[in-house]
Amino acid sequence: MNFPAILSLAITSTIAGHSLVRRIRPGFNSVLALIDVGFPVGALLVSQLGRSYGWLSLHCFAGTVAFAFFCELYIFIFTLVIGSVSAAILLDTTSPEKIANSSQPPTDTMLRKRLNALRHIGVIASLGSSYYLTQRGRLLVSSARLLRRFFSHDRPV
Amino acid sequence: MSSAILASEFIFVLANALSYSFFFKHRQPFRTERGIFIFQAASFLLLVGCTVALPIFGRPLHEAYLLALAAVGIHGIYSLSFLELWSLTEGSYSLSVLLFLDRNRGEAEITELESLTSIAAHKTESRIDGLVRIGLLRVVAPGRVSRTAFGTAVACVFGLVVFLTNGRPLNR
């Protein structure tokens, strides 16, 4: 097999494998599912390219970084579609039969779903009707504050 | 020679990071979503463009192709990570919830958190305006919008992604 065929096969195998894992274990985190599939496929890709072209060849390096970029791009795309407000509006607004009413956003549902998602990944926990930050949540908030300072988000534009 | 070009690609990405850290991030146009996207996209296209143009300077075509692929990978991973972090820390709704809890000594009642629904309402309105501006939605009556043909095509791609990943959009 030539270089583009090996790379294409690795990419399609990752998409198919991820789709399969998400169907077998629908509750499993979709990002972790891609990492679980992407790592073994990536290792196979590197070993195939290494054996065919040499471990320190340009083919091996270019194929590896291109595959890693594809995995990050795919994670970016599906987390965008799953988590983005814009994507949800676009998916909910059909034309011309159904028209979205922009003055009535489902904001309460949005908050509850976010709280559930944050609880699911263990950054917050709930006790009765109150929510609190876990140790992991505090760590995430500290990191986010550092990054906000780095990107100057705290300063007015 | 190709390893020297490969090293130059890494140096280019490092120069992007340093120039942002010490110069561009203090400039007002680079502190908006549009500005930072243009900055990263221009840098990405410049690097990939330079590697694609290598055959003009006598480099073999297959080598230029591999170096361009490496440039896409190296700069792509850097830019995508940069833009994701920039965007997440700038206006993520989940982060707003976490920062609210942190400011509230780490815990809050659901009734207190409900004050954040105004952020969600504002976000929904501003995103609809944004989608109208880029031609994915059109206003059909005051306060009512529908998808354009372009919007329908993009929604089909999103639908395919939801199908492939067996995902459930969080905000629907």
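Given the alpha-carbon gyration tensor of the protein assembly as shown, what are the semi-axes of its equivalent ellipsoid in whole angstrom, ordered largest first, with each equal to the square root of 5 times an eigenvalue? Provide the component values of the computation, followed by the final result.
Working: eigenvalues 274, 110, 102 Å².
Ellipsoid semi-axes (Å, largest first): 37, 23, 23.
Before anything else, pin down the relative contact order of chain A: Cα pairs under 8 Å, at least 6 apart, normalised by residue count, whole percent.
Working: 82 pairs, mean separation 19.1, N = 157.
After rounding, I find 12 percent.
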Prolate/oblate/rounded label for the range B:91-172 (Cα gyration tensor, a/c 1.5): oblate
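Is the shape of chain B best called rounded, prolate or oblate, per the rule: a/c under 1.5 gives rounded, else a/b larger than b/c gives prolate, else oblate, with a ≥ b ≥ c the square roots of the Cα gyration tensor eigenvalues?
Details: a/c = 2.40, a/b = 1.64, b/c = 1.46.
Here chain B falls in the prolate category.
With a length cut of 15 Å (Cα positions projected on each helix's long axis) and a Kyte-Doolittle mean of at least 0.0, go through chain A and give me the DSSP H helices that pass.
Values: long enough: A:3-24 (31 Å, 1.08); A:30-53 (33 Å, 1.20); A:58-83 (37 Å, 1.93); A:107-120 (20 Å, -0.99); A:135-150 (23 Å, -0.25).
Within chain A the helices that satisfy the rule are A:3-24, A:30-53, A:58-83.
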Would you grab the residues whose amide H sits under 5 Å from the one on B:Val140? Only those 5+ places off in sequence or on another chain, please, with H modelled 1.01 Å from N. B:Val145, B:Ser146
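In peptide B:81-87, how many Cβ atoms from other protein chains are near each Cβ within 10 Å, on average? Don't jump to the answer; show the numbers that get you there.
On the way: counts 2, 1, 1, 5, 5, 5, 2.
Across the residues of B:81-87, the mean count of other-chain Cβ atoms within 10 Å is 3.
With runs of 4+ DSSP H residues as the only contributors, calculate the mean residue ellipticity of the protein assembly as shown at 222 nm using -39,500 (n - 2.57) per run, divided by the residue total and rounded to the nearest 500.
Details: 13 runs with 231 residues, N = 329.
-23500 deg cm²/dmol, from helical runs alone.
State, in square angstrom and to the nearest 100, the accessible area buried between chains A and B, both chains counted, probe radius 1.4 Å.
Values: alone 11990 and 12720 Å², together 17150 Å².
Accessible area lost upon association: around 7600 Å².
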Taking Cα atoms, how many degrees apart are the long axis of helix B:2-22 and the longest axis of chain B, rounded to 10 and kept between 0 and 90? 40
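Carbon and sulfur atoms: what percent of the 1.4 Å accessible area of the range B:21-143 do they account for? Walk me through the intermediate numbers first.
Working: 4190 of 6410 Å².
After summing per-atom areas, the C and S share lands at 65 percent.
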Based on the mean of other beta carbon atoms within 10 Å per residue, what is the order of B:57-65, A:146-154, most packed first? A:146-154, B:57-65
Of all accessible heavy-atom area on chain A, the percent that carbon and sulfur account for (1.4 Å): 65
What angle, in degrees between 0 and 90 and rounded to the nearest 10, separates the Cα long axis of helix B:149-165 from the longest principal axis of the Cα atoms of chain B? 90
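For B:Asp129 and B:Arg27, FRET efficiency with R0 = 35 Å and r from the beta-carbon atoms, rounded to 0.05? It would help to have the intermediate numbers written out before the result.
Details: r = 26 Å, r/R0 = 0.73.
For R0 = 35 Å, the calculated efficiency reads 0.85.
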Amide H neighbours of A:Ile124 at under 5 Å, excluding residues fewer than 5 places away on the same chain, with H built from the backbone geometry, are A:Arg119, A:Thr134
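The values are calculated or read from the model by the stated rules, or taken from the named source; none is laboratory data. These numbers come from a predicted model, not from an experiment. Glycine gets a Cβ as well: all are built from the backbone with ideal geometry, and neighbour counts include every protein chain shown. When the accessible area is computed, the model is the full protein with side chains, heavy atoms only, and any ligands, DNA or RNA have been set aside. Shrake-Rupley method; radii C 1.70, N 1.55, O 1.52, S 1.80 Å.
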